[in-house]
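Peer 1: Supplied in structure tokens, the structure appears directly below.
Any read-out appearing in this document is the output of simple, stated calculations on the displayed coordinates, not a laboratory observation. As the structure is a computational prediction, the values presented were derived from the model and not from experiment. Cβ sites come from the backbone with ideal geometry, for glycine too, and all protein chains shown count toward neighbours.
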Amino acid sequence: MILHIDMDAFFASIEQRDNPGLKNRPVIVSGNSKRSVVSTASYEARAFGIRSAMPVFQAKQKCDHLVIVPGNMKKYQANSKKIMEIISHFSPVMEQVSIDEAYIDIKGCERLFGSSEDIARAIKKKIYARLSLSSSVGIAPIKFLAKIASDINKPDGVTIITKSRVKNFIFTLPIQKVPGIGKSAMKTMEILQIKTLGDINNYSLPILTRKFGKMGQRLLELSNGIDPSKVETNYKRKSISSETTLSKDIFDFENIKQVILDRSQNVGRDLRKKKLVCENVFIKLKFSDFSQITRSKKTDTPICSSSAIFNEALALYKKIRLKKKIRLVGVGVTALKDKNTPVQMQLIPDRNMCKKQWESVDLAVDSISEKFGSNIIKKASLNNLYNKRNPDAE
Ligand SMILES: [Mg+2]
């Protein structure tokens, strides 16, 4: 099961909590200019028909005793951080999607924390105990339904769409509730007389693709209760990199190669320390005239060994036609994943062996550098790699 946790009127609730004078009053958090729109409305303000993204002047027209509070992003972020920390205790597979929303996949966590509903209530309780803020949780076997569910019993609600209810739920779900359906898609829906997600099934894939483009296929999948999107841990968006400004601008291939290897080792060590692998490697070069370029490459398989990172970075470097001297070299990795994420089997066993061997070299190097400092071991392994690999590098 997947849980979608969403804070209730997040910014406004924080302001009401911190300023008792605002309790039970119609409050909006917004900017102060003429063009400002409502960022968040308290539930008391929502009762007047005030919604997020509504121009503030319009909100004032709807409620003459509306209280307007300027936003304090720093404070909201600090609260968000604590909330995400709490949620992450319940499952390692967590994806934060905005400042006040996250998904968790609780597969395998039930034995520890109980049923999906128990987990939802425990999360809500813990957040409330620590921050006096209420939240709503949606539970469903697929991701997009979890999000829809969290909205159903707001505020302070828990909504479960069990496996056996999925079909019926989809059948009657108003099509405008499906994430990603905008105004123009809605017009087409009306023409096709599609009122619920279930109605999508009256049309074939070719027709849906013609009418909705790429989204056609997704809609058809969703209407059949299939959502291939997984809860993605947020490592994916992050990167690890290491760069250095050279003591003088250089043009020499061997020297640059050394620097790339040195940086690759830093990145590799960092990656392994965090128990991550990467699926993308990039290099960054800054030239004597301060112009800069980056080049990146997807790896065939997830990697974390310094030598593998180096090989990818070097391949990128070799493709660049140098015209100017280089003043800065950087190597980095993105598309990060947990190391124990299942990896597709390698097709070439020899390469696999090589990869395994390099991994054990890395482990040895890492533990030695940990004990004796990174410089001692770095030099030796640099030399090793240079002499054995890429003799044709020039
Ligand atoms: Mg929210």
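Peer 1: If the only charges are +1 at each Lys and Arg Cβ and -1 at each Asp and Glu Cβ, what is the size of the charge dipole of the chain around the Cα centre, to the nearest 20 debye? Write down the numbers at each step before the final one.
Peer 2: Numbers: 68 positive and 39 negative charges, 143 e Å.
Here the size comes out at about 680 debye.
Peer 1: Which trypsin sites (Lys or Arg not before Pro) does segment 269-299 hold that lie in a coil by DSSP with at most 11 other beta carbons within 10 Å? Intermediate results must be reported in sequence, preceding the final value.
Peer 2: Working: sites: Arg269, Arg272, Lys273, Lys274, Lys275, Lys284, Lys286, Arg295, Lys297, Lys298; in loops: Lys274, Lys275.
Answer by residue number: Lys275.
Peer 1: Compute the acute angle (0 to 90°) between the alpha-carbon long axis of helix 306-318 and the principal axis of greatest extent of the alpha-carbon atoms of the chain; round to the nearest 10°.
Peer 2: Orientation of helix 306-318: about 80 degrees from the principal axis.
Peer 1: Just to confirm my numbers, what's the Cα centroid distance between segment 62-104 and segment 243-265 in Å?
Peer 2: Each part reduced to its Cα centre gives a spacing of 43 Å.
Peer 1: Let me ask another. Of all DSSP beta bridges located in the chain, what percent are antiparallel, nearest 5?
Peer 2: Numbers: 46 of 52 bridges.
Here the antiparallel bridges make up roughly 90 percent for the chain.
Peer 1: Now for a different question. Could you give me the ³J(HN,Hα) list for segment 141-149, computed from phi with Karplus coefficients 6.51, -1.76, 1.60 and θ = phi - 60°, whole Hz, x at Gly and Pro?
Peer 2: Once rounded to whole Hz, the list reads x, 10, 4, 5, 6, 4, 5, 5, 5.
Peer 1: Per-residue ellipticity at 222 nm for the chain, helices alone: DSSP H runs ≥ 4 residues times -39500 (n - 2.57), over residue total, nearest 500 deg cm²/dmol?
Peer 2: Details: 15 runs with 173 residues, N = 394.
Here the helix-only value at 222 nm equals -13500 deg cm²/dmol.
Peer 1: At 20 °C and 1.002 mPa s, grab the translational diffusion coefficient of segment 181-265 from Stokes-Einstein with a Kirkwood Rh over Cα pairs, rounded to a whole number in µm² per second. Please list the in-between numbers first.
Peer 2: On the way: Rh = 17.5 Å.
After rounding, the answer is 122 µm²/s.
Peer 1: Still on this structure, please answer the following. In terms of the ratio Rg/(2.2 N^0.38 Å) built on C-alpha atoms, what value belongs to the chain?
Peer 2: Details: Rg = 26.6 Å, N = 394, 2.2 N^0.38 = 21.3 Å.
Normalised Rg, Cα atoms only: 1.25.
Peer 1: For the chain, take the longest principal axis of its alpha carbons; what is the angle in degrees between that and the long axis of helix 116-131, to the nearest 10 within 0 to 90?
Peer 2: Compared with the principal axis, the helix lies near 90 degrees.
Peer 1: What is the Rg over Rh value, at two decimals, for segment 167-223, using alpha-carbon atoms and the Kirkwood definition of Rh? If you can, show how the numbers build up before the last one.
Peer 2: On the way: Rg = 9.9 Å, Rh = 11.0 Å.
Taking Rh as the inverse mean 1/r over Cα pairs, Rg/Rh reads 0.91.
Peer 1: Here is a further query. Between Phe251, Ile283, His65, whose Cα lies farthest towards the positive end of the dipole of the chain when Lys and Arg beta carbons carry +1 and Asp and Glu beta carbons carry -1, centred on the Cα centre?
Peer 2: Of the options given, the answer is Phe251.
Peer 1: If we count other beta carbons within 10 Å of each Cβ, what is the order of His4, His89, fewest first?
Peer 2: Details: His4 27, His89 14.
Ascending number of Cβ neighbours within 10 Å: His89, His4.
Peer 1: A 25 angstrom limit on the alpha carbon distance is what I want to check against. Which of Lys257/Lys325; Lys74/Lys273; Lys147/Lys275; Lys257/Lys298; Lys298/Lys339; Lys81/Lys238 exceed it?
Peer 2: Table pairs above 25 Å Cα-Cα are Lys74/Lys273; Lys147/Lys275.
Peer 1: How much length is gained on full extension from Glu232 to Lys319, taking 0.36 nm per residue of separation minus their Cα-Cα distance? Can you show the working numbers first?
Peer 2: On the way: separation 87, 0.36 × 87 = 31.32 nm, distance 3.26 nm.
Extending this stretch completely gives an extra 28.1 nm.
Peer 1: Let me ask another. At what distance in angstrom do the alpha carbon centres of segment 25-61 and segment 304-338 lie from each other?
Peer 2: 49
Peer 1: Sticking with this one: How long, wide and thick is segment 118-260, going by the Cα atoms along their three principal axes, in whole angstroms, largest first?
Peer 2: 68, 50, 27
Peer 1: Same structure again: To the nearest 0.05, what FRET efficiency results for Leu246 and Lys34 with a Förster distance of 35 Å applied to their C-beta separation?
Peer 2: Numbers: r = 51 Å, r/R0 = 1.47.
Here the calculated transfer efficiency is 0.10.
Peer 1: By a straight-distance test (C-alpha under 18 Å), which aspartates and glutamates pair with Lys23 as possible cross-link partners, with residues fewer than eight away in the same chain excluded?
Peer 2: Straight-line reach from Lys23, under 18 Å: Asp8, Glu15, Glu44, Asp64, Asp156.
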